[in-house]
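Just below is one structure, and these are the notes that go with it.
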Amino acid sequence: MCHRIAHVAPVGDYRLELTFTDGVSGAVNLERWIVGQGGVFEPLEDPGFFRQARVNSELGTVQWPNDVDFCPDVLYSLVTGAPVPFAQPESAGIRGAAAV
């Protein structure tokens, strides 16, 4: 499934309010994916930079001025709790594998 983001609003430290094209909306906290990760994620640790999040309509996801983005399917999973289809053992051709 290919979920796409229609609207993003920064709502606090490392938190984004997202609305998807199917109408689902909710907040995600990206702190654990940003803080201390370094590299391209380091600028996102600055609250002013983090607030520059915008929707990249071509990719259908949230993106920052340094071109960092997050997979919209993963963001959808974080909002809804639904599993990410391509991350499931059956999608990878693995049957009967125990969840890690």
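Please treat every number below as a calculation from the coordinates, not as lab data. Nothing here was measured: the structure is a model prediction, and the numbers come from that model. All Cβ positions, even for glycine, are placed from backbone atoms using ideal geometry, and neighbour counts span all protein chains on display.
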Residue pairs, Cβ under 8 Å, 6 or more apart or interchain, first in segment 52-76 and free of Cβ contacts under 8 Å to residues at least 24 places away in the same chain and aromatic (Phe, Trp, Tyr), second surrounded by fewer than 19 Cβ atoms within 10 Å (Cβ to Cβ) and assigned to a loop (DSSP other than H, G, I, E, B). List them. TRP64/GLN52
Consider segment 10-40. How many of its residues are over 13 Å from the mean Cα position of the chain (by Cα) and on the phi < 0 side of the Ramachandran plot? 8
Where a residue in segment 1-13 is in contact (Cβ under 8 Å) with a residue 40 or more places away in the chain and its partner, wherever it lies, is surrounded by fewer than 16 Cβ atoms within 10 Å (Cβ to Cβ) and not in a strand (DSSP E or B), with Cβ under 6 Å and at least six apart: MET1/PRO85; ARG4/THR21; ALA6/THR21; PRO10/ARG51
Taking segment 37-67 and keeping residues hydrophobic (A, V, I, L, M, F, W, C) and farther than 13 Å from LEU16 by Cβ leaves VAL40, PHE41, PHE49, LEU59
